[in-house]
Amino acid sequence: MMIKTQLCSAAIAAVLAISMVGGVGANEAGCVTSYDASKDYFPDKVEVKHSAGFSITYSGNTKHIRNDVSGETYVLYQCGTPAPADVATKAGSLQVGNWTKVASVPPKKIALDSAPASAIIEMLGVQSTVAASYKFFAVTSPCMQKQLAELPRVAQ
């Protein structure tokens, strides 16, 4: 079960990291300046073909990523658009309704929580968005090691 959880977490980290790049295909590259409720803000969608561990659904300005192993759901909404109604009433909350984590994308800064996530961040070329990392994980890339050495470390 632990291996399945780790693989599922790595897959979700990849999807979240891709959201950081912004402007993938026809998707918005930054914050929206004029919100249109009828617009699909994620026209280029990730299609999950071979997974029993997670799923992705879209709705207007939101992307829902569900980790079926842990039961967590990540709700990502396009920067500059309204947060889902449940979130707007509880600003700053990470636990809202049945949703586990809510975030605006693309994010400006992130904190790394695993070595696989650091590899994905590096492959996408968005290392400059890393603002902190957790204390205890092994990063094998010399470039990421150097960058992380200069950042604050937080306890998990």
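The listed residues are Ser70, Ser38, Ser93, and the only one of them that is among the polar types (S, T, N, Q), modelled with pLDDT of 90 or more and over 24 Å from Val126 (Cβ atoms) turns out to be Ser38. The set of residues in the range 125-156 being open to solvent by 60 Å² or more (accessible area, probe 1.4 Å) and closer than 30 Å to Tyr41 by Cα consists of Ser128 alone.
If only one of Val21, Val75, Val87 is surrounded by 14 or more Cβ atoms within 10 Å (Cβ to Cβ) and modelled with pLDDT of 85 or more, which one is it?
On the way: Val21 fails: modelled with pLDDT of 85 or more; Val87 fails: modelled with pLDDT of 85 or more.
The unique qualifying residue is Val75.
Taking Pro107 as the residue in question, decide whether it is at pLDDT 85 or above, in contact with a helix residue (DSSP H, G or I) (Cβ under 8 Å, 6 or more places away or on another chain) and either among the β-branched types (Val, Ile, Thr) or in a loop (DSSP other than H, G, I, E, B) (or both). It is false that Pro107 is at pLDDT 85 or above, in contact with a helix residue (DSSP H, G or I) (Cβ under 8 Å, 6 or more places away or on another chain) and either among the β-branched types (Val, Ile, Thr) or in a loop (DSSP other than H, G, I, E, B) (or both). For the range 56-65, the criterion of being charged (D, E, K, R) and free of Cβ contacts under 8 Å to residues at least 40 places away in the same chain is met by no residue.
Restricting the range 110-124 to residues that are of a type in the set (A, V, I, L, M) and part of a helix (DSSP H, G or I), which is most open to solvent (accessible area, probe 1.4 Å)?
Taking the range 110-124 first, the residues of a type in the set (A, V, I, L, M) are 110-112, 115, 117, 119-121, 123-124.
Filter once more, keeping what is part of a helix (DSSP H, G or I): 115, 117, 119-121, 123-124.
Numbers: Ala115: 29, Ala117: 13, Ala119: 45, Ile120: 26, Ile121: 6, Met123: 154, Leu124: 63 Å².
Taking the candidates together, the pick is Met123.
Restricting attention to the range 55-85, the residues being under 18 Å from Asp44 (Cα atoms) and more than 16 Å from the chain's Cα centre (by Cα) number 3. Here Asp44 clears all of (1) under 19 Å from Thr129 (Cα atoms); (2) of a type outside the set (Val, Ile, Thr); (3) modelled with pLDDT of 85 or more; (4) in contact with a Gly (Cβ under 6 Å, 6 or more places away or on another chain) except the condition numbered (1). Residue count for the range 54-67 under the criterion of being in a loop (DSSP other than H, G, I, E, B) and modelled with pLDDT under 85: the result is 0.
The values are calculated or read from the model by the stated rules, or taken from the named source; none is laboratory data. Remember, predicted model here, so these are calculated numbers, not experimental data. Positions of Cβ are generated from backbone atoms using ideal geometry, with glycine treated the same way; all protein chains shown enter the neighbour counts. What goes into the accessible areas is simple: the full protein's heavy atoms, side chains included, and nothing from ligands, DNA or RNA. Shrake-Rupley method; radii C 1.70, N 1.55, O 1.52, S 1.80 Å.
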